[in-house]
Amino acid sequence: MTSTRLSSTLSRSPSIVAERRNMRRISGHSLSSPIDPEPAADAQDAQAPTITDEIGEIKRYEDFTTIDWVQDAVNEQNARRAKRRNGVGFWDQEGVFGWRRKVRESYEAGQAWLVVTLVGMAIGLNSAVLNIITEWLSDIKLGHCTTAFYLNEQFCCWGAEGGCPEWKHWTSFWVVNYVIYFLFAILLASIAAILVKSFAPYAAGSGISEIKCIIAGFVMKGFLGAWTLLIKSIALPLAIASGLSVGKEGPSVHFAVCTGNVISRFFGKYKQNASKTREILTASAAAGVAVAFGSPIGGVLFSLEEMANYFPLKTLWRSYFCALVATSVLAALNPFRTGQLVMFQVEYDRTWHFFELIFFAFLGVFGGLYGAFVIKWNLRVAAFRKKYLSQWPITESVVLAALTAILCYPNMFLKINMTEMMEILFRECEGGHDYNGVCETKNRWSMVLSLAIATILRTGLVIISYGCKVPAGIFVPSMAIGASFGRMVGIMVQALHESFPNSSFFASCNPDVPCITPGTYAFLGAGAALSGIMHLTISVTVIMFELTGALTYILPTMIVVGVTKAVGDRFGNGGIADRLIWFNGFPFLDNKEDHVFNVPVSHAMTTDPLTLPASDFPVREAEHLLSDNKFQGFPIVEDRSTKTLVGFIGRTELRYAIDRARSQGLVSPRARCVFTQEAAEATVAQRASGPRHLRPPDTFDAIQTSVGAGVVDFSRYVDHTPLTVHPRLPLETVMEIFKKMGPRVILVERRGRLTGLVTVKDCLKYQFKVEAEEHALAATSSSGFASAPLGGHLSTPAPETLEDRLWRLIQTVAGFISGSIRAHRPVRLRERDRPGRPSEPEGILEGTEDDAFVELEERDERPSRR
């Protein structure tokens, strides 16, 4: 009855109509000036998509925020509906038999396939060029081609038999060649590090962790930009050729996704639509893995298993097509002139025996242990790097390259390129494939020793090199470690068979053909190490199958990967990409994890969030609110005492509404804003029914205060249907909502009253807290101490292990060196040392602390309000 009475009053009162006309001018939705006549309703409706596009353009440049996929889908539907209703362009009209509209719809439907085709072609071309440059730079450290300086060793010696006189080492002296190798390594690493630091810092590292978060909706401005693509493509061959224990497969995914992002920006369909762009980025990631391993199906499965948390059928098809185009272009260019897409592609013509499953399972155990060991210590090195080496990225890369060159040159398996090393170790000994006597019986035990040294040194170098400030992947280094270990095991099994050929254990061996093929052990060891470091199963199996093309080794590969997965899960969940996401504090919920907390969402939510009243809220106070904090949104309540929830407004929308109102209309310094249509109409009715003849202002301050409108309507910027849950809803269900639907924030209300809000950060903080308590309890229980309640303290400390002693020694040495350097440097007041800035914790991070320091919260944000 009240609403009906109010509507009739508004229709009868001319003063109220005039007041509403004035409010409409300065509401922030109208582009007309205060002296223009009242705009038509359809004109206002036509402006809504424009406002949505402008807000979307602003959000594109909001760094380190999350995309609200629910709101993004709503905006896309509204824009599509408005385009159909208001389309006035040439192609929007029907024409004869509606051919214009049909052509436009056909183009829009095929635009995705056009973009995917262009992206796949660009990725294949870029990969072929990088392969050629990388091989030449890797060989130039060892020698040069006398017939053509631009040829690498393989092309220089093409077709040569019984030696290659065209390829010459730099000198005939081993020590001089050692020095030249050392200098080339330093030069290439320094150039790569300088390029990355000077032009594109985001080009450092692998990029897989960040891309997973970006595809999930996390905004990192510039990470997929054109500069990052260019510098990554230039610095990647330099970093690999320098000899650093890094690979190109992870960075291949990064530059592939950069390619997809850059090309898609030329099409309006993807420029402002985050959900459409996500499809292209996912397809690009699949193409990146496809060209890196020559495995299109494996690339699609990798994108499904590792990269995307949302993978509908149309994305599957586009990923498949993009990977197909990329590998086709790479095969057409044929960079190795062998018909192979990667150097370490191999074929086996012999089968395996069931007694070998024991040794295959052993390789799986090694892969799981290797992954757990490298992940744990690499996180500690990352914490060490963040604490002590962040100011010297170029020096760190050069020192690592020098150390790698010094250690690797004396070893026959370490001084060559890792892809070439895997090509040698994967081969069968028959057919003339013999590298420095690796297949000769007399060199068997020296080869075992050399492979063992290569495995140990490469593992240590991978731990300290992965994460340095050059393009660096971990796929190929891990595969190289697994290949060297697997070949070593294969040689020892072969020696065991030759020592006991008549044993019943080897009864299934045929006498006419070799029983043991050490190359297959290297192949399976590579798959085990790759699975162990990334915690992947299906995609690794398919990738290894596509590398060999042998169906007979599918079962051993599945067994090895299954054992690796079981062992790796025993020591922790998630591969190194997932752990780096946790280490960096990115707001990412992994859909592969199952959470069991048995608590309601009220345990993890942020209680008493900052709210805005639906009416009578000063505009000036709203501006102060935006400048004084970094909250990403504000719940709207009827009043702050009852907290009856009526909607939610984002930070960008509120900032945009205020700026637009001030630029397009005269807003009084004492203006107040309203956030609902009911409050706006009530305010209009109240102002219209008040006294109409007031005493005119007689001072300049009074004139300035009285100029402009007193009420600004922001109701059309408010989300009046925010996603809400009950405080007793299980936390696991809320986390599933975040994973499946992707909202930025979920409001918690009980009987219409706001009780709190929850974000991904809140869920992650609670998860980390519970996991830390569980780990502490497990550690005390395994040490033989009496169990203590979660959050309690132990009266007796746990005994110090060898690992703890080693880590404490590293901390002590680093602290001494850092203190000595600071003592001889001029003291400068850094930004984080200024008054009012929170101080950083002393000591080296263990990589297992709470996320208060290592998160992106260092940017003075409060992600609990995101």
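The values are calculated or read from the model by the stated rules, or taken from the named source; none is laboratory data. This one's a predicted model, so the numbers in the text were calculated from it and none came from an experiment. Methodologically, a virtual Cβ is constructed for each residue, glycine included, from the backbone with ideal geometry; neighbour enumeration extends over all protein chains shown.
Numerical summary
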read-out	value
Qualifying residue in the range 472-483 (condition: touching a residue at least 40 places away in the same chain (Cβ under 8 Å), part of a helix (DSSP H, G or I) and touching an Asp or Glu at 6+ places or on another chain (Cβ under 8 Å))	yes
Breaking point among (1) surrounded by 15 or more Cβ atoms within 10 Å (Cβ to Cβ); (2) under 16 Å from Glu423 (Cα atoms), for Leu330	(2)
Qualifying residue in the range 359-378 (condition: crowded, with 18+ Cβ neighbours inside 10 Å, modelled with pLDDT under 90 and among the β-branched types (Val, Ile, Thr))	no
Given (1) assigned to a helix (DSSP H, G or I); (2) in contact (Cβ under 8 Å) with a residue 24 or more places away in the chain; (3) over 18 Å from Met422 (Cα atoms), index of the condition Cys515 fails	(1)
Enumeration of residues in the range 705-760 that are aliphatic (A, V, I, L, M) and touching a His at 6+ places or on another chain (Cβ under 9 Å)	Leu731, Met735, Val748
Which numbered condition Ala331 fails, given (1) over 18 Å from Ala122 (Cβ atoms); (2) out of contact with any helix residue (DSSP H, G or I) (no Cβ under 6 Å at 6 or more places or on another chain); (3) of a type in the set (A, V, I, L, M)	(1)
Phe505, sole failed condition from (1) buried (at least 19 other Cβ atoms within 10 Å of the Cβ); (2) part of a helix (DSSP H, G or I); (3) touching a Phe, Trp or Tyr at 6+ places or on another chain (Cβ under 8 Å)	(1)
Tally, over the range 659-694, of residues that are of a type in the set (S, T, N, Q), under 44 Å from the mean Cα position of the chain (by Cα) and modelled with pLDDT under 80	1
So Ile463, is it in a helix (DSSP H, G or I) and buried (at least 24 other Cβ atoms within 10 Å of the Cβ)	no
Residue that is surrounded by the fewest Cβ atoms within 10 Å (Cβ to Cβ), among those in the range 264-307 that are free of Cβ contacts under 8 Å to residues at least 24 places away in the same chain, of a type outside the set (A, V, I, L, M) and in a helix (DSSP H, G or I)	Gly268
All positions within the range 545-561 that are without any contact (Cβ under 8 Å) to a residue 60 or more places away in the chain and surrounded by 21 or more Cβ atoms within 10 Å (Cβ to Cβ)	Thr557
Number of the exception - Asp349 against (1) at positive phi; (2) surrounded by fewer than 18 Cβ atoms within 10 Å (Cβ to Cβ)	(1)
Any helices (runs of 4 or more DSSP H) falling wholly within the range 541-655 and containing at least 3 residues that are under 30 Å from Arg716 (Cβ atoms)	619-628
Residue in the range 171-188 that is surrounded by 13 or more Cβ atoms within 10 Å (Cβ to Cβ), farther than 30 Å from Thr327 by Cβ and modelled with pLDDT under 85 present	no
Some residue of the range 593-611 being within 25 Å of Gly482 (Cα to Cα), of a type in the set (S, T, N, Q) and at pLDDT 90 or above	no
Selection status of Phe354, out of contact with any helix residue (DSSP H, G or I) (no Cβ under 8 Å at 6 or more places or on another chain) and touching a residue at least 60 places away in the same chain (Cβ under 8 Å)	yes
Top-ranked residue of the range 206-228 - restricted to ones that are touching a helix residue (DSSP H, G or I) at 6+ places or on another chain (Cβ under 8 Å), of a type in the set (Gly, Ala, Ser) and buried (at least 19 other Cβ atoms within 10 Å of the Cβ), ranked as nearest to Lys592 (Cα to Cα)	Ser209
Exclusive hit being in contact with a Pro (Cβ under 8 Å, 6 or more places away or on another chain), buried (at least 20 other Cβ atoms within 10 Å of the Cβ) and in contact (Cβ under 8 Å) with a residue 40 or more places away in the chain, set Met418, Met447	Met418
Within the range 650-674, considering residues that are without any contact (Cβ under 8 Å) to a residue 24 or more places away in the chain and farther than 19 Å from Gly633 by Cα, the one surrounded by the most Cβ atoms within 10 Å (Cβ to Cβ)	Arg662
Qualifying positions in the range 391-403 - part of a helix (DSSP H, G or I) and within 28 Å of the chain's Cα centre (by Cα)	Pro393, Ile394, Thr395, Glu396, Ser397, Val398, Val399, Leu400, Ala401
